[in-house]
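Report on the following structure.
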């Protein structure tokens, strides 16, 4: 059967999967008690020093699993949005979806609707993300005009930030404000299996919806008229993407705070190797997102600092220059089009 | 077997874009849709393709297209829009593979039937040599062929093309017109919007002339495009060129009797 998966794309997928495996082991090794890889693998199956087993299974494993899941989910959301909007600058963080999700979560906490370990938290985050992505689609309209999208994203992002600031402003005491602020920075520190259980179902929904919408994205490459006359139901495609991105981003933010730019960066990292067909970017981008967030989380633990560097800060430090580079590349392309 | 449009009307706000348009398109026919700018040609083509909400009915073999689901309809009619947009730098083969969307369950796993249809479409559009090229880097003529190949890969009995020869050089214009002629000869029903009266009169089995959202003429090109009609609808006079194989109109001068559209208040 002729498959369109090229050897290069297959090789990249395998290489990324291996890299993810290695990074998972490294992630289990690093911490205040460094462990070697053999100890880690033994502890995973319950063998060795009971203290090591607890450190690996109870403390580091949930953190590692969350990093992997969140990396994959954010990357998938980015790939799906770029495909739907037919734009390489699209990503949840560019449009303020994570800030909106954070606002939803903070509001739930501030209103006392949720302690940090109940499903009310991700649900509030997801609803807020849903509203923000829906508002973005409505504001930008059916056109794929990047300027309109970015301006709409800027407006929504600012609104969400203002909402979060208001929550900080109205925080009952200094410690509550500090907790919210730290949570906003995005971190995977001290996460438990309860966090995994809280986020995983919503992430599974997100993956199912976004992966199901893949083929339609390929048809959209030739514009909406070609997609519609090819049998793509655009309303369904938009709906799947909307709910998929919102539940993925909402669930991620609910357990780890705002971790930006994974969704923007990863599709670009894999495209040179798998091609630009939007349907083929998804899975390699997910693996790349997993690897990127695991690496960033490991780095956040290794970099010497008075307190642990928050992983969300690291991804933004990588992501923003990358975004600027994308804008510059886009600008030179626009210039070439004007000249040519 | 035929595509039949009955009494099509399209409104945009208070403006009537199309009004009681009826037409018939049979397999084996190459029909050119003509008319001045703003006559409603693109709107009519998009309406037939199911992209524009309209009053009236579009039937295929007496079956109402409005009752078909999106995929059934997609397998029946292939549509090539104006402008030949490609948002991602994918290869020409990947573009043509999109034509299999109405048939395939997934574009990432194409069946041998799909692969064969893609090869046939590339061959029919004379675009095999472009298969592995990146579509955004092709010239206008090459890209037009690849986009047509995408529509051919659908293997639909009806092909609707909006200005397929606009912005092409003379070589590619004639090539594209001959290709559409061939497609009709092979049994497809082809309806194409063009502005070039010479190519339309030379290659078309029929022309349908739209003006102000209404069909003002429909028939064999030379007999239909009378001096009166050319003056009233297009504001031009034409010369007639007869060769051994064909007769064609050549737009020649602006007509003095037509309402001069350049002098509207």
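Just one of (1) touching a helix residue (DSSP H, G or I) at 6+ places or on another chain (Cβ under 7 Å); (2) part of a helix (DSSP H, G or I); (3) surrounded by fewer than 24 Cβ atoms within 10 Å (Cβ to Cβ); (4) in contact (Cβ under 8 Å) with a residue 24 or more places away in the chain fails for residue A:43. It is (4).
For (1) in contact (Cβ under 8 Å) with a residue 24 or more places away in the chain; (2) crowded, with 21+ Cβ neighbours inside 10 Å; (3) in contact with a strand residue (DSSP E or B) (Cβ under 8 Å, 6 or more places away or on another chain), each residue gets a yes or a no:
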| position | (1), (2), (3) |
| --- | --- |
| B:173 | yes, no, no |
| B:190 | yes, yes, yes |
| B:210 | yes, yes, yes |
| B:213 | yes, yes, yes |
| B:225 | yes, yes, yes |
| B:238 | yes, yes, yes |
| B:253 | no, no, yes |
| B:256 | no, no, no |
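Of everything in segment B:76-93 that is farther than 29 Å from residue B:47 by Cβ and in a helix (DSSP H, G or I), the residue that is farthest from the other protein chains (Cβ to nearest Cβ) is B:92.
Tell me, which residue of segment B:60-75 that is touching a helix residue (DSSP H, G or I) at 6+ places or on another chain (Cβ under 7 Å) and more than 8 Å from every other protein chain (Cβ to nearest Cβ) is modelled with the highest pLDDT? The selected residue is B:60. Just one residue in the set B:199, B:183 is closer than 29 Å to residue B:71 by Cβ, in a helix (DSSP H, G or I) and more than 14 Å from chain A (Cβ to nearest Cβ); that residue is B:183.
Pick from A:121, A:66: which is at pLDDT 90 or above and assigned to a helix (DSSP H, G or I)? Steps first, answer last, please.
On the way: A:121 fails: at pLDDT 90 or above.
Unique residue meeting the criteria: A:66.
When residues of segment B:194-208 are filtered for being under 20 Å from residue B:5 (Cα atoms) and crowded, with 23+ Cβ neighbours inside 10 Å, how many remain? Reasoning before the result, please.
First, the residues of segment B:194-208 that are under 20 Å from residue B:5 (Cα atoms): B:194, B:204-208.
Those still in the list that are crowded, with 23+ Cβ neighbours inside 10 Å too: B:194, B:204, B:207-208.
Here the count works out to 4.
Tell me whether segment B:27-35 contains one or more residues that are within 14 Å of chain A (Cβ to nearest Cβ), touching a strand residue (DSSP E or B) at 6+ places or on another chain (Cβ under 8 Å) and not in a loop (DSSP other than H, G, I, E, B).
Going through segment B:27-35, the residues within 14 Å of chain A (Cβ to nearest Cβ) turn out to be none.
No.
Quick check on segment B:7-18. Is at least one of its residues in contact with a strand residue (DSSP E or B) (Cβ under 8 Å, 6 or more places away or on another chain) and under 24 Å from residue B:186 (Cα atoms)? There is no residue in segment B:7-18 that is in contact with a strand residue (DSSP E or B) (Cβ under 8 Å, 6 or more places away or on another chain) and under 24 Å from residue B:186 (Cα atoms). Here residue B:167 passes the criteria (1) within 8 Å of chain A (Cβ to nearest Cβ); (2) at pLDDT below 90; (3) in contact with a helix residue (DSSP H, G or I) (Cβ under 6 Å, 6 or more places away or on another chain); (4) surrounded by fewer than 18 Cβ atoms within 10 Å (Cβ to Cβ) except the one numbered (1).
Taking the criterion of being part of a helix (DSSP H, G or I) and within 14 Å of chain B (Cβ to nearest Cβ), the residues of segment A:135-168 that qualify are A:146, A:149.
Return yes or no: is residue A:197 away from chain B (no Cβ under 14 Å) and either modelled with pLDDT of 90 or more or in a helix (DSSP H, G or I) (or both)? In short, yes.
The residues of segment B:144-163 that are within 11 Å of chain A (Cβ to nearest Cβ) and in a helix (DSSP H, G or I), listed by number, are B:146, B:147, B:150, B:151, B:153.
Within segment A:276-322, the set of residues being under 30 Å from residue B:110 (Cβ atoms) and surrounded by fewer than 21 Cβ atoms within 10 Å (Cβ to Cβ) is empty.
Those residues that are over 26 Å from residue B:225 (Cα atoms) and outside any strand (DSSP E or B), I need them from segment B:1-26; list them, please. Of everything in segment B:1-26, those that are over 26 Å from residue B:225 (Cα atoms) and outside any strand (DSSP E or B) turn out to be B:1, B:13, B:14.
Residue A:275: within 14 Å of chain B (Cβ to nearest Cβ) and on the phi > 0 side of the Ramachandran plot, yes or no? I'd like the intermediate steps shown before the answer.
Values: within 14 Å of chain B (Cβ to nearest Cβ): yes; on the phi > 0 side of the Ramachandran plot: yes.
It is true that residue A:275 is within 14 Å of chain B (Cβ to nearest Cβ) and on the phi > 0 side of the Ramachandran plot.
Of all the criteria given as (1) away from chain B (no Cβ under 14 Å); (2) touching a residue at least 40 places away in the same chain (Cβ under 8 Å), the one not satisfied by residue A:281 is (1). Tell me, please, whether a residue that is within 11 Å of chain B (Cβ to nearest Cβ), in contact with a strand residue (DSSP E or B) (Cβ under 9 Å, 6 or more places away or on another chain), part of a helix (DSSP H, G or I) and more than 22 Å from residue A:283 (Cβ to Cβ) can be found in segment A:215-227. Scanning segment A:215-227, I find at least one residue that is within 11 Å of chain B (Cβ to nearest Cβ), in contact with a strand residue (DSSP E or B) (Cβ under 9 Å, 6 or more places away or on another chain), part of a helix (DSSP H, G or I) and more than 22 Å from residue A:283 (Cβ to Cβ), so the answer is yes.
Taking segment A:169-190 as the range and being touching a residue at least 40 places away in the same chain (Cβ under 8 Å), touching a helix residue (DSSP H, G or I) at 6+ places or on another chain (Cβ under 7 Å) and part of a helix (DSSP H, G or I) as the test, the residues that pass are A:180, A:184, A:185.
Only one of the listed residues (B:104, B:123, B:117) is buried (at least 16 other Cβ atoms within 10 Å of the Cβ), assigned to a helix (DSSP H, G or I), more than 7 Å from every other protein chain (Cβ to nearest Cβ) and at pLDDT below 95. That residue is B:117. Within this structure, residue B:129 fails the test of being assigned to a loop (DSSP other than H, G, I, E, B) and either at pLDDT below 95 or more than 10 Å from chain A (Cβ to nearest Cβ) (or both).
The values are calculated or read from the model by the stated rules, or taken from the named source; none is laboratory data. All of these numbers come straight from a predicted model, not from anything done at the bench. Neighbour counts run over all protein chains shown; Cβ positions are idealised from the backbone, glycine included.
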